[in-house]
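Since the structure comes first, as structure tokens, the remarks are kept for the end.
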Amino acid sequence: MTSPTKTLCPYCGVGCGLEVLPPALPGKATHRDDRGVPIWRVRGDRSHPSSLGKVCVKGATIAEALDKDRLRYPMMRNSLEEPFQRVSWDDALDRIASEFRQILATDGPDAIALYGSGQFQTEDYYIAQKLMKGCLGTNNFDANSRLCMSSAVAGYVKSLGSDGPPCCYADLEETDCAFLIGTNAAECHPIAFNRLRVHHKKNRSVKLIVVDPRKTATADAADLYLAIRPGTDIDLLNGIAHLLLRWGQLDTLFIDECTRGFPEFTDVVRHYPPDLVAQRCGISQEELETAARLWAQSKRVLSLWSMGLNQSSEGTAKVRSLINLHLMTGNIGKPGTGPFSLTGQPNAMGGREAGGLAHLLPGYRLVTNPQHRREVEEYWNLSPGQINPRPGLAAWDMMLGLEAGTVKALWVAATNPAVSMPDLDRTHAALRRSPLTIYQDAYYPTETAEFAHILLPAAQWGEKTGVMTNSERMVTLCPQFRDPPGEARADWEIFAEVGRRLGFEASFEFRSSAEVYREFVYLTKSRICDMAGLSQERLRREGPLQWPCAEGETDDPETRHAKRLYTDFRFPTEDGRAKFGAYHARGLAEPPDPDYPFVLTTGRLYEHWHTQTRTGRIDKIAKKYPDPFIEIHPRDARELTVIDGEWVIVVSKRGRGKFRAKLTRAIAPGTVFVPMHWGFLWADDAEANALTHPESCPESLQPELKACAVQVFSVESERGTGKSEVVGCVT
Ligand code: SF4
């Protein structure tokens, strides 16, 4: 009997356990995909504590993408006009080392930037940032998590003193009231949502509130659905706080003993009376009061959010305004309570732990903190002052660096910025200016490969061994179960080899990813994300484990899979108190106006993942959505003389797109919705991010990918009225 490999789904941050078996098993017909190609068998792992055997369509079909369109060999070219030529690893790595040496000598380390991914395993992250921050002396290592959840990180740090979701999935089954804002969890985090939904259905007293401008599948399950106007989240959250204050529904003991900043906060929320808030949010006063009453009357309130709050020019303020409600009602540190950010990518959490953003060092340390730098420098045997004290370039700033000519080399790994960055015309122009772009990925072609000079083939999920952490801090080993195709190598091995070729042999003497992980967990010792008690060997032996997990700590079977942070109501701030954040609502960075009268909001579909690099190659998923589409309210469609299924043009101040109209009352009049999954590889003029803008949250540097102002008109009316001239500003 062949035993399955236990691993983790490599798509979203829910982090479901999977079991994988080879295509051919004794006594069974070979498992094949729709085209008859043998593929690995994948099923949910019932022993995985986060998902209990459940799996969604993405996890279930992952094996179908493993062998399609793989990048097998290193390739190079001198200019973007030339075709790629296959080269040896030595040639590719020598060229990278030699160009980096040249740049270091002439422009300094900050002229090199590395843009990584929440798809990385923790070991990939750790080696990448050690190479950049420790050896090269630049903090220009950021990841696509910047576009996904950096506002959650900033919100947690500023309000609670540290990053790290305080909750666990068991809270989904212990809450009395779940408040979901800016998250379509039913489609984007389906298995976590399923746990909540089952609890909600079984217990009639449990309430589900969903806040979203779009009536999603998540909203369909709600007891109370608040269809707020895009960009009015802070109005709503402050409005709820206002009512709680007015009604005296506060946990005064918790506020007095465990928090600070309450008076300043009350000064702000008194400006949010219910009539004003209801009018700004576009909901009734009664709906607002019902939401506030549920916060007041429920013993245990859990809030969940994802990109709807994070991807905003006031993302950190939104996250902190939500956390304020937990602090004023004492809904934190207890079962069934707490502010719980649902992470987008499978190991964005691991990236946060390993220093995978431009302002971070491993173990939730900050590059701006001298003590933190000293601790890491000592551990890495660096001279004092070798780690740069300034945060490096965040994702969008790397594009600006290319545009300005200050970034001379960009290394992109396991992500597709040519589709996922905002303002794609500008992004593409910046990428075209790059003197050297290295693109390291499992797949080819991709949109970003079009802008690369060097392609490095990367091993992906199942082809290398490493560790990932999901949204509830559950750490799972993902063992290798198949050979990488061609000459593909693990990301961490590629980074380490470049480090050695640049003369840092002693820093990269690892013989396995287990050794990398061992070095990394030491840096978490006595930090809030303490994983010093974890090793690849232990995770293989005992299965997934949650952090904190200190060295020598033996697990209490009662709590081993339901650990929470802040259960003693002490927070890792200077005085041990959580901080209220007082913010007024600013609204959208680009509100609609008479020229661009609609708000475009972007989002994701249940079946697709990011820029379709995997899911676009799975036939049954690709067939489900033959065309990119736009959701329009029938009333708007009538005024625009657009009929269902017709192609429409959407224009913003930056670009344009063409989508098939889908008329639905799920979207409010005045707002339209486009999924973000399509790049130019999959359809012409279908990129949602051709329209979006890069205005970012000043605290998290996360761009407002969720909303921008657009014009909408039918292709026919464009032909008839010459409307294309109206948009002559568009390049
Ligand atoms: S919910 Fe997320 S982690 Fe779970 S199977 Fe689906 S995509 Fe994978």
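Looking at region 502-534 only, could you name the residues that are without any contact (Cβ under 8 Å) to a residue 40 or more places away in the chain and under 25 Å from the mean Cα position of the chain (by Cα)?
V521, D530
Return yes when H633 is at positive phi and either crowded, with 17+ Cβ neighbours inside 10 Å or in the same structural domain as R654 (by TED's automatic domain parsing) (or both) and no when it is not.
Working: at positive phi: no; either crowded, with 17+ Cβ neighbours inside 10 Å or in the same structural domain as R654 (by TED's automatic domain parsing) (or both): yes.
For H633, the condition - at positive phi and either crowded, with 17+ Cβ neighbours inside 10 Å or in the same structural domain as R654 (by TED's automatic domain parsing) (or both) - is not met.
Please go through region 55-100 and give me each residue that is within 22 Å of L18 (Cβ to Cβ) and either within 16 Å of the ligand (Cβ to nearest atom) or over 30 Å from the mean Cα position of the chain (by Cα) (or both), ordered by number.
V55, C56, V57, K58, G59, A60, T61, I62, A63, E64, A65, L66
Does G239 fit the bill of being in contact (Cβ under 8 Å) with a residue 12 or more places away in the chain, surrounded by 24 or more Cβ atoms within 10 Å (Cβ to Cβ) and part of a loop (DSSP other than H, G, I, E, B)? Please lay out each step first, then the result.
Working: in contact (Cβ under 8 Å) with a residue 12 or more places away in the chain: yes; surrounded by 24 or more Cβ atoms within 10 Å (Cβ to Cβ): yes; part of a loop (DSSP other than H, G, I, E, B): no.
The answer is no for G239.
Which one of F141, F179, F193 is surrounded by 24 or more Cβ atoms within 10 Å (Cβ to Cβ), within 16 Å of the ligand (Cβ to nearest atom) and at pLDDT 95 or above?
F193
For region 145-171, give me the residue count where each residue is out of contact with any Ser or Thr (no Cβ under 6 Å at 6 or more places or on another chain) and either within 13 Å of the ligand (Cβ to nearest atom) or among the charged types (D, E, K, R) (or both).
Residues that pass the stated criteria total 4.
If we scan region 436-444, do we find a residue that is more than 15 Å from P74 (Cβ to Cβ) and either touching a residue at least 60 places away in the same chain (Cβ under 8 Å) or in the same structural domain as Q612 (by TED's automatic domain parsing) (or both)? If you could, list the steps in order and put the result at the bottom.
Of the residues in region 436-444, the ones more than 15 Å from P74 (Cβ to Cβ) are none.
Within region 436-444, none of the residues are more than 15 Å from P74 (Cβ to Cβ) and either touching a residue at least 60 places away in the same chain (Cβ under 8 Å) or in the same structural domain as Q612 (by TED's automatic domain parsing) (or both).
Would you mind telling me which numbered condition in (1) away from the ligand (no atom under 14 Å from the Cβ); (2) in a strand (DSSP E or B); (3) not assigned by TED's automatic domain parsing to the domain that holds V498 A113 fails?
Going through (1) away from the ligand (no atom under 14 Å from the Cβ); (2) in a strand (DSSP E or B); (3) not assigned by TED's automatic domain parsing to the domain that holds V498 one by one, A113 breaks only (3).
Residue by residue through region 415-435, note down the ones that are in contact (Cβ under 8 Å) with a residue 60 or more places away in the chain, over 16 Å from H610 (Cβ atoms) and in contact with a Lys or Arg (Cβ under 9 Å, 6 or more places away or on another chain).
Scanning region 415-435 gives D423, D425, R426.
Please go through region 368-403 and give me each residue that is touching a residue at least 60 places away in the same chain (Cβ under 8 Å) and not in a helix (DSSP H, G or I), ordered by number.
W380, N381, L382, Q386, I387, N388, R390, P391, G392, L393, A394
Is it fair to say A442 is out of contact with any helix residue (DSSP H, G or I) (no Cβ under 8 Å at 6 or more places or on another chain), closer than 19 Å to F680 by Cα and surrounded by 21 or more Cβ atoms within 10 Å (Cβ to Cβ)?
Details: out of contact with any helix residue (DSSP H, G or I) (no Cβ under 8 Å at 6 or more places or on another chain): yes; closer than 19 Å to F680 by Cα: yes; surrounded by 21 or more Cβ atoms within 10 Å (Cβ to Cβ): yes.
It is true that A442 is out of contact with any helix residue (DSSP H, G or I) (no Cβ under 8 Å at 6 or more places or on another chain), closer than 19 Å to F680 by Cα and surrounded by 21 or more Cβ atoms within 10 Å (Cβ to Cβ).
For I255, are the conditions met, namely being assigned by TED's automatic domain parsing to the domain that holds L327, of a type in the set (A, V, I, L, M, F, W, C), under 21 Å from L294 (Cβ atoms) and part of a helix (DSSP H, G or I)? Reasoning before the result, please.
On the way: assigned by TED's automatic domain parsing to the domain that holds L327: yes; of a type in the set (A, V, I, L, M, F, W, C): yes; under 21 Å from L294 (Cβ atoms): yes; part of a helix (DSSP H, G or I): yes.
Yes.
Please find, among R560, R527, R541, the residue that is closer than 26 Å to R320 by Cβ and either in a loop (DSSP other than H, G, I, E, B) or outside the structural domain of T61 (by TED's automatic domain parsing) (or both). Step through it out loud before you land on a result.
Details: R560 fails: closer than 26 Å to R320 by Cβ; R541 fails: closer than 26 Å to R320 by Cβ.
Only one candidate qualifies: R527.
Taking into account only those residues within region 29-54 that are of a type in the set (K, R) and away from the ligand (no atom under 14 Å from the Cβ), which is surrounded by the most Cβ atoms within 10 Å (Cβ to Cβ)?
Within region 29-54, the first condition is being of a type in the set (K, R), and the residues that meet it are 32, 35, 41, 43, 46, 54.
Now narrow it down to the ones that are away from the ligand (no atom under 14 Å from the Cβ): 32, 35, 41.
Details: R32: 12, R35: 9, R41: 16.
Here the answer is R41.
Every residue in region 299-343 that is part of a helix (DSSP H, G or I) and surrounded by fewer than 24 Cβ atoms within 10 Å (Cβ to Cβ), please. Lay out the reasoning, then the answer.
Pass one, region 299-343, residues part of a helix (DSSP H, G or I): 307-310, 315-329.
Within region 299-343, L325, T329 meet the criteria.
Each row is one residue, and each column tells you yes or no for (1) in contact with a Leu (Cβ under 7 Å, 6 or more places away or on another chain); (2) outside the structural domain of V55 (by TED's automatic domain parsing); (3) among the hydroxyl-bearing types (S, T, Y); (4) surrounded by fewer than 23 Cβ atoms within 10 Å (Cβ to Cβ).
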{"site": "Y126", "(1), (2), (3), (4)": "no, yes, yes, no"}
{"site": "E174", "(1), (2), (3), (4)": "no, yes, no, yes"}
{"site": "V198", "(1), (2), (3), (4)": "no, yes, no, yes"}
{"site": "S205", "(1), (2), (3), (4)": "no, yes, yes, yes"}
{"site": "V211", "(1), (2), (3), (4)": "yes, yes, no, no"}
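If you go through region 414-428 one residue at a time, do you hit one that is out of contact with any helix residue (DSSP H, G or I) (no Cβ under 9 Å at 6 or more places or on another chain) and closer than 19 Å to N689 by Cβ? Show your work before the answer.
So in region 414-428, the residues out of contact with any helix residue (DSSP H, G or I) (no Cβ under 9 Å at 6 or more places or on another chain) come out as none.
Checked region 414-428: no residue is out of contact with any helix residue (DSSP H, G or I) (no Cβ under 9 Å at 6 or more places or on another chain) and closer than 19 Å to N689 by Cβ.
Of everything in region 6-28 that's away from the ligand (no atom under 16 Å from the Cβ) and within 26 Å of D69 (Cβ to Cβ), which residue is farthest from the chain's Cα centre (by Cα)? Before you say what the answer is, go through the steps one by one.
So the first thing to find is which residues in region 6-28 are away from the ligand (no atom under 16 Å from the Cβ), and the list is 21-28.
Those left that are additionally within 26 Å of D69 (Cβ to Cβ): 21-24.
Values: L21: 29, P22: 31, P23: 32, A24: 35 Å.
That would be A24.
Across region 116-152, what is the total count of residues that are under 17 Å from V376 (Cβ atoms) and assigned to a strand (DSSP E or B)?
1
The values are calculated or read from the model by the stated rules, or taken from the named source; none is laboratory data. Everything numeric here is computed off the predicted structure, so don't read it as measured data. Glycine gets a Cβ as well: all are built from the backbone with ideal geometry, and neighbour counts include every protein chain shown.
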